[in-house]
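Bear in mind that the values in this text are calculations on the coordinates, not laboratory data. What you see is a predicted model; the values in this text were computed from it and never measured. As a convention, Cβ positions derive from the backbone with ideal geometry for all residues, glycine included, and neighbour counts pool all protein chains shown.
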Amino acid sequence: MGPLSFSTGEAVCIDSVVCVYTVERNPDFATLLEPLWIALAERRIRVVASELTLLECFVAPIRNGDEGLVLRFEQVLLHTGIELVPLSREILRAAAKLRAENLHLRTPDAMHLATADHNGCGQFLTNDKKLKSTTSVTSVRVLSDYRA
């Protein structure tokens, strides 16, 4: 499918796995995600994430007592220009609607997609193939589809 590319002015919502692959320098996906971070740094795109991403990214490093990894996640999530969106009643209601319409959808995924929809994001980056069949305003892009 080729490399990831983004249109100037586009809003992109990211799943927690995007941060995990980046911070942990996943050999299969970290390089693939570089265009996202370059476009964000150059302010050509908006990158949006639910505050739920903080919780999801912190669990394993806290469980493993790896404070350095927690700090690296904080650096990416809080100091790179990502717009962390708090959960609101509107987002929770939209997430409930998505879950009601998509029986395969888990609550955290519904919250991420509702955040994307609520913030006008044209695409949601994930590596969860099940999300491709979700009825959402936002287009779901699965990272493994972009690997050679």
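Output wanted: per-residue J couplings in Hz (rounded whole) for the range 79-93, from phi through Karplus 6.51 cos²θ - 1.76 cosθ + 1.60, θ = phi - 60°, x for Gly and Pro.
9, 10, x, 5, 8, 7, 9, x, 5, 10, 4, 5, 5, 5, 5
About the Cα centre of the chain, how large is the charge dipole given +1 on each Lys and Arg Cβ and -1 on each Asp and Glu Cβ? Please answer in debye to the nearest 20.
Dipole about the Cα centre, nearest 20: 360 debye.
Out of Arg43, Arg106, Arg89, any idea which swings most in a Gaussian network model of the chain, alpha carbons joined below 10 Å?
Arg89
How far, in nm, would the chain grow between Ser139 and Ile62 when pulled straight, counting 0.36 nm per residue and subtracting the alpha carbon separation?
24.5 nm
Once the Cα gyration tensor of the range 70-148 is found, what semi-axes does its equivalent ellipsoid get, as square roots of 5 times the eigenvalues, in whole Å, sorted largest first?
Values for the range 70-148, descending: 21, 18, 11 Å.
Return the whole-Å distance between the Cα centroid of the range 71-89 and the Cα centroid of the range 1-68.
Value for the Cα centre distance between the two parts: 10 Å.
Can you work out ³J(HN,Hα) from phi for every residue in the range 11-20, in order, using Karplus 6.51 cos²θ - 1.76 cosθ + 1.60 and θ = phi - 60°, giving whole Hz and x for Gly and Pro?
Here the 3J(HN,Hα) series is 10, 10, 9, 10, 7, 4, 4, 4, 5, 4 Hz.
Compute the relative contact order of the range 1-134 as a whole-number percentage, counting only Cα pairs closer than 8 Å that sit 6 or more residues apart in sequence.
Relative contact order of the range 1-134: 33 percent.
Report the semi-axes of the equivalent ellipsoid for the chain in whole Å, largest first, where each axis is √(5λ) for an eigenvalue λ of the Cα gyration tensor. Provide the component values of the computation, followed by the final result.
On the way: eigenvalues 96, 71, 47 Å².
Each semi-axis is √(5λ); the values are 22, 19, 15 Å.
Would you grab the residues whose amide H sits under 5 Å from the one on Val47? Only those 5+ places off in sequence or on another chain, please, with H modelled 1.01 Å from N.
Val12, Glu83
Working out 0.36 nm times the residue gap between Ala41 and Glu101, then minus their Cα-Cα distance, what length gain in nm do you get to one decimal?
Computed gain between Ala41 and Glu101 is 18.0 nm.
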